[in-house]
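S.K.: Structure incoming, see below.
A short reminder: the numbers here are calculations on the coordinates, not readings from a lab. These figures come from a predicted structure and were not determined experimentally. So basically every Cβ, Gly included, is an ideal-geometry build from the backbone, and we count neighbours across all protein chains shown.
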Amino acid sequence: YLMDLEGFVSLCKRRGFVFPSGEIYGGYSGFFDYGPLGAELKNNLKKMWWRRMVHGRDDVIGLDSAIVTTPSVHQASGHVDNFSDPMVDCKESKQRFRADQLMWAKVELEDEGDVGYVSMVEDGNVEAALNKAAKKLAEGKKMKPLIIKDMTEASEEEVALIPSPATKKPGSLTGARAFNLMFETTVGPYSDAGSKSYLRPETAQGIFVNYKQVSYVMRQKVPFGIAQIGKAFRNEITPRQFLFRSREFEQMEIEYFIDPDADFRAVQEEWIEEMWNFLKAVGLKECLMDREVHEGDKLAHYARACTDIIFRYPFGTQELLGVAARGEYDLQQHAQASGQSMEYQVPGQKRKFVPHVIEPSLGIDRLFLALLCSAYDEDVVGDEKRSLLRFHPCVAPITCAVFPLMKKPPALVEKAQALAKQLRQRGWNVLYDQAGTIGKRYRRMDEVGTPFCCTVDFDTLEDDTVTVRRRDDPLEVSRMPIDAVARFLDDECQL
Ligand code: ATP
């Protein structure tokens, strides 16, 4: 990577992509505001996903369900009882940690036989935990690792010996306990047990509870999918790594309903490929992507299989999206709790069944960050280092900039403004700029990832042609009739 995470955080702020939420009050951990360019980029990602997954297929339809719904939904889905992360408290500092990311090592010094414990937050990174233990305890001496585990796997005696990462003192940690990640809220004018509800922790449940209705109204035949884009909320114990783990985020999810007799692994594979191709098409670097299959106790309570697409972020390789096989779990839970049948009647047959579900679930904020990481580039002109964002034209916040070569004569300005207006009317996000030298204006656009710049010059006044400069091929400036620019953008912005 040309830059670490701090670099991306500061670039996002400087260029108007992402601000810490409520920054004038010092920010608010786990919440972010998308600035003007960030909002454009994020909207484009959503548009492209919807276009491809919903409009581009005849077996997927869209939905937009409520963020707050009856708590019965999240009771039935198991979220009220099970949607938790293990948490450890530091009794002295009052800090809290995710127990499964708090690694500890029991090590023995080879020559002296001394045994020591070290704990630290390293996002579950075993190797890092060991290296740190080696450095701290042994100070260069030879050391034998006896145990390396996370805090969910520590006995009471061990907990008492492991030093807290906050105070560095043994004896200040508690054992791990479950912490429910759902945000609670109250609905209506009274605040009592009966008014309690939740902000949804995933968009999926809104799809499950509407599945029957949607399949009737839209006359869908299994297999079919329902797609939804929307906010989700999780009271993460330790929000960190910028947009990667926040407390308010957005998901793009599909619940794809299949015949229980179908080969669910084959359908899951198709969706993994569909998602992989989408990520590639919007501009993620394939060399930074990989797959990870979840097994055993890494599977969520509802899943029978799950494969993640993981991405190499500047802070390590982590989950970008998951494609889970949820079986009939959710629909059966809602059938039991509501008393309503969730069976699908096969048209023209006696056969009925509760469909099984394959769920591709993608977090937009994690995609946004992965896209920035993929697009960031630097070049050196003279002895000056400059940065660029090489966004694909279909997601770039500004698709095209329009410049008059100079501020005078007025005819140049008028022509350029008319072109900008014409392109805006065609639906493009266009930036008009007449300030500074043309070189500086190009540079400003490279920095925010604008793929095309059109310049109106003196020849334009003669023959109605303009120059089009490509960010990724700045020396190949082409000339085209003013009226051809919109078509050119149409062609270039195909996904
Ligand atoms: P993790 O293990 O990283 O906490 P998860 O497995 O709990 O993630 P899922 O429940 O599978 O995540 O959620 C589906 C998708 O939603 C994830 O792949 C991710 O893109 C996104 N997502 C989940 N939690 C967050 C979060 N706190 N901030 C941003 N995006 C998130």
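S.K.: Any residue at all in the range 67-82 that's closer than 30 Å to Glu156 by Cα and of a type in the set (A, V, I, L, M, F, W, C)?
M.R.: The answer is yes, given that some residue of the range 67-82 is closer than 30 Å to Glu156 by Cα and of a type in the set (A, V, I, L, M, F, W, C).
S.K.: Considering only residues of the range 320-376 that are among the aromatic types (Phe, Trp, Tyr) and away from the ligand (no atom under 13 Å from the Cβ), which is nearest to Val9 (Cα to Cα)?
M.R.: Among those residues, the one meeting the criterion is Tyr376.
S.K.: Does Tyr1 meet the test of being surrounded by fewer than 18 Cβ atoms within 10 Å (Cβ to Cβ), over 30 Å from Glu328 (Cβ atoms) and within 16 Å of the ligand (Cβ to nearest atom)?
M.R.: no
S.K.: Within the range 328-351, work out how many residues are closer than 18 Å to Gln205 by Cβ and surrounded by 13 or more Cβ atoms within 10 Å (Cβ to Cβ).
M.R.: Here the count works out to 11.
S.K.: Is there a residue being β-branched (Val, Ile, Thr) and surrounded by fewer than 18 Cβ atoms within 10 Å (Cβ to Cβ) anywhere in the range 219-238?
M.R.: Within the range 219-238, not a single residue is β-branched (Val, Ile, Thr) and surrounded by fewer than 18 Cβ atoms within 10 Å (Cβ to Cβ).
S.K.: A further question follows. Looking only at residues in the range 284-299 that are of a type outside the set (Asp, Glu) and assigned to a helix (DSSP H, G or I), which one is farthest from Gln241 (Cα to Cα)?
M.R.: Gly296
S.K.: Quick check on this structure: which one of Glu286, Glu295 is free of Cβ contacts under 8 Å to residues at least 12 places away in the same chain and under 17 Å from the mean Cα position of the chain (by Cα)?
M.R.: Glu286
S.K.: Something else now. Residue under question is Gln241, and the condition is that it be of a type in the set (S, T, N, Q) and either more than 10 Å from the ligand (Cβ to nearest atom) or crowded, with 19+ Cβ neighbours inside 10 Å (or both); does it hold?
M.R.: No, not satisfied.
S.K.: Also, I was wondering about something else. Answer with yes or no whether Tyr117 is assigned to a loop (DSSP other than H, G, I, E, B), of a type outside the set (Asp, Glu) and within 27 Å of Thr167 (Cα to Cα).
M.R.: Answer is no for this residue.
S.K.: Still on this structure, please answer the following. Among what's in the range 263-302 and is surrounded by fewer than 17 Cβ atoms within 10 Å (Cβ to Cβ) and of a type in the set (Gly, Ala, Ser), pick the residue that is nearest to Leu41 (Cα to Cα).
M.R.: It comes out as Ala281.
S.K.: Does Arg52 fit the bill of being touching a residue at least 60 places away in the same chain (Cβ under 8 Å) and either surrounded by 15 or more Cβ atoms within 10 Å (Cβ to Cβ) or basic (Lys, Arg) (or both)?
M.R.: Spelling it out, Arg52 is indeed touching a residue at least 60 places away in the same chain (Cβ under 8 Å) and either surrounded by 15 or more Cβ atoms within 10 Å (Cβ to Cβ) or basic (Lys, Arg) (or both).
S.K.: Just checking, how many residues over the range 454-495 are touching a residue at least 40 places away in the same chain (Cβ under 8 Å) and of a type in the set (Lys, Arg)?
M.R.: 1
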